[in-house]
1. Please compute the modelled spin-label separation between ALA237 and GLN91, points set 7 Å along Cα→Cβ, answer in nm with one decimal.
2. Across the Cα atoms of the range 84-171, what radius of gyration and what greatest pairwise Cα-Cα distance (Dmax) are found, in Å?
3. Once you have the Cα-Cα distance between SER58 and ALA187, take 0.36 nm times their residue separation minus that, and quote the gain in nm to one decimal.
4. Could you state the per residue volume, in Å³, of the convex hull enclosing the Cα atoms of the range 194-235?
5. Provide the net charge surrounding SER200, with neighbours chosen by a C-beta distance below 12 Å and charges set as Lys +1, Arg +1, Asp -1, Glu -1.
6. Could you work out the pair-distance distribution P(r) of the range 155-238 from its alpha-carbon pairs, with 10 angstrom bin width and percents rounded to whole numbers?
7. Around LEU295, under 14 Å between beta carbons, what's the net of Lys plus Arg minus Asp minus Glu among the other residues?
8. Counting only protein chains, not ligands or nucleic acids, how are SER222, SER184 ordered by accessible area (probe 1.4 Å), most first?
Amino acid sequence: MAKDQMGGTRMYGRLCRWGGAVALTALLLAGCGGGSTATVAAPDAQTPQAAPQVAARSTPMGVLVPLYGYPLVSSGSGASYTTEDNPAWTQVAAGAALVPTVAIINPSNGPVACTSPPSATLAAFEQGIGKLRAAGVTVLGYVHTLYGNRDPALVAVDVQTYAQCYDVDGVFFDEVSTQASKASYYAQAAATVRADIKPSSGKAALVAINPGTYPDSTLADSADITVMHESADLNLAAVPTSLSSYPTTRFAYLALGLSELPQLQTSMLSSLYQRGIGYVDLTDQGAGNDPWATLSTQYSAMIQTLHQLNQGTN
């Protein structure tokens with residue numbers, strides 16, 4: 001649990017495993033189905049790399065990015081005090097012009113309360129969400145579930161608060177159980193999202209869940225996007241038999257704390273693309289800090305590589 005920029009607490013889910021970095025390109029390729037002898041050139045964040053040739057797929061690969069920083073940054077004091085848009089939010093908005101983008105916002109370990117007039121925090125998020133959505137970003141509100149042990153009524157209150165006071169497109173449920181015994185818990189939570197959140201786009205509300213690893217298929221069935229990997233490594237275990245018929249376009253893959261990301265990112269994205277993974281976020285953040293409070297230093301390079309890879313979709 002970490003403090004957000006307004007002093008509240010914010011959880012960032014299944015991150016007990018983060019803090020290390022992957023050192024071997026061979027590990028990346030072995031985990032994602034490639035050969036172990038290929039070399040990977042380090043991408044330049046300022047100059048988009050030519051993406052490797054990959055097999056065609058029918059849908060583009062998008063990003064699922066935890067955007068847990070505050071929408072505004074400030075500087076100065078007194079008469080010189082100023083605020084401006086958080087550059088991370090601006091960068092995510094700009095990237096949506098090239099790559100389908102789903103961003104998760106987290107005001108304070110969930111939504112801050114609805115007030116009239118809006119509190120400073122609520123107003124900042126309302127403004128920031130508006131700019132994201134105007135840029136084409138799909139915005140999800142963060143709700144934690146304590147692995148299916150949080151009171152369902154409290155989960156529903158968070159969902160309803162997002163529905164009433166935030167113009168979001170759906171909800172991202174964090175700390176999700178992997179056990180079939182919790183399937184009804186998450187099915188009900190997902191039903192609440194779809195009943196209460198009515199995106200202004202006219203589309204159905206989106207439900208994402210984060211077990212951080214492969215869950216029982218009955219849990220994945222309740223969601224539109226399931227985070228199948230959230231860890232400080234680049235492994236991707238074989239899909240279990242119970243999920244073998246589950247569309248990989250509904251898989252999300254998050255990897256964090258990757259100190260060698262400049263050398264590995266292009267190859268990794270290509271491998272995930274070939275496997276049909278629907279959403280990804282790779283970050284070099286997380287060495288002792290909240291990995292989702294700031295964007296990866298390689299975020300722009302990731303967007304450029306995904307954009308090039310997606311040219312192969314039918």
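The values are calculated or read from the model by the stated rules, or taken from the named source; none is laboratory data. If you're wondering where the values come from, they're calculated on a predicted model, not measured in any experiment. All Cβ positions, glycine included, derive from the backbone under ideal geometry; neighbour counts span all protein chains shown. Surface areas here come from the heavy atoms of the whole protein model, side chains and all, with no ligands, DNA or RNA. Shrake-Rupley method; radii C 1.70, N 1.55, O 1.52, S 1.80 Å.
1. 3.2 nm
2. When restricted to the Cα atoms of the range 84-171, Rg and Dmax are 13.5, 39 Å.
3. Working: separation 129, 0.36 × 129 = 46.44 nm, distance 2.83 nm.
Extending this stretch completely gives an extra 43.6 nm.
4. Numbers: hull volume 3.9 nm³, N = 42.
Residue-normalised Cα hull volume stands at 93 Å³.
5. Working: positive: ARG133, LYS198, LYS203; negative: ASP167, ASP169.
Local net charge: +1.
6. 19, 46, 27, 8, 0
7. Values: positive: none; negative: ASP85, ASP281, ASP284, ASP290.
Here the charged neighbours net out to -4.
8. On the way: SER222 15, SER184 85 Å².
Final ranking, largest accessible area leading: SER184, SER222.
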